[in-house]
Amino acid sequence: MGEWLDTERPHSWSTQDVDPRSALAYWVETVCDRFLELDIQAAPRRLFSARLDQVQLGPTTLNFLEAGSQRVRRTAARIARTRYPGFILMQLRAGQLALRQQGREVHLRSGECVLINGSEPYDLECPQVTSAAALRMPEDWLRQWLPRPQDCTARLICGSDWGAALCAAVGSLRRDTCTKLALPPTVVGEQIAALLALAMGSQTMPESQGLLASLIQTLREQLENPDLSPTAVAAAHGISKRTLHYAFASGHTTFAERLMQLRLSRAREMLQDPSSAELAIEDVAARCGFGDPSHFARRFRQQFGQPPLQFRRAALRAHH
């Protein structure tokens, strides 16, 4: 989970590479290791076949999944093993897919999307051979566009207004072309997240949350400034500090809390990125707005369970 992948080519795993008697066990192990900790049931086992292809789009991971009839469950026990919380934007490409989460049941048709909360139990049923694309999105990263993504889960996203644009954009991501896009992978991931926010906006974005999204964008653009303050951001938006703090409170957060989340998320991206491997930890800290490297190291370890240098070494080993 969360490992950095080579952005220049997809990584692939297929049950065709193993003994058919071990196909299901291999698939469960692969999915749990490379995608998400899940319980998977399929029958008959000796006929089961599946394939997973992955490519990194910045901090998001694009997964192409093809598998025979199966039932997939995300249980409390599996959730407890997950290190980083995240969400999954899933699009059905072929077959049938039924999702149950948070008391809702969604049946997808080809081309339709749904957002799944990876931190909550869910049940997926695929009664026939199914093909899907799934973007795994870190929660702190996704919150830059959707302040409360948990309110958007298990809701059908299909062909109307921005939902149609999102489905078309996700549908254009193909195994054989996703590494030849005209934009950098990180930008592609951000565009998908922005379309998701637009698709969900009419359902979940009251005026205060629309302002919050704009304020968060300003924080993202000015993360390098160690002196970024509520006063300066409020002035840039022509609002009072009181209005700014109210907007953050409407998203169940604070200015300082969200700014810290964004800075740590940016630092994690940089430490995972092989192109930033020559940067000293102190320079990463500075580029994320931390004036004190020791403060950065302490907060990073609190958030991600490892010191920055150890985290970088593990990420670069996975890359190679």
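By the count of other C-beta atoms within 10 Å, a proxy for reagent exposure, D273, D227 are ordered fewest to most as D227, D273. Seen against the Cα atoms of the chain and their longest principal axis, helix 185-204 is set at about 90 degrees. Taking all Cα pairs closer than 8 Å and separated by 6 or more residues, the relative contact order of the chain comes to 15 percent.
Ordering T61, T75, T253 from the fewest to the most neighbouring beta carbons within 10 Å gives T75, T253, T61. GNM, the chain, Cα, under 10 Å: largest mean-square fluctuation among E37, E112, E257? Greatest mean-square fluctuation among the candidates belongs to E257.
Shape class of the range 93-193 from the alpha-carbon gyration tensor: oblate, with a/c at 1.5 or above and b/c at least as large as a/b.
Take every pair of alpha-carbon atoms less than 8 Å apart whose residues are at least six positions apart; their mean separation over the length of the range 207-319 yields a relative contact order of 27 percent. This ranking places I79, I157, I192 by how few other beta-carbon atoms lie within 10 Å of each, fewest first, which gives I79, I192, I157.
FYI, it's all coordinate maths here, none of it is from the lab. Please read all numbers here as calculations on a predicted model, not as lab measurements. All Cβ positions, even for glycine, are placed from backbone atoms using ideal geometry, and neighbour counts span all protein chains on display.
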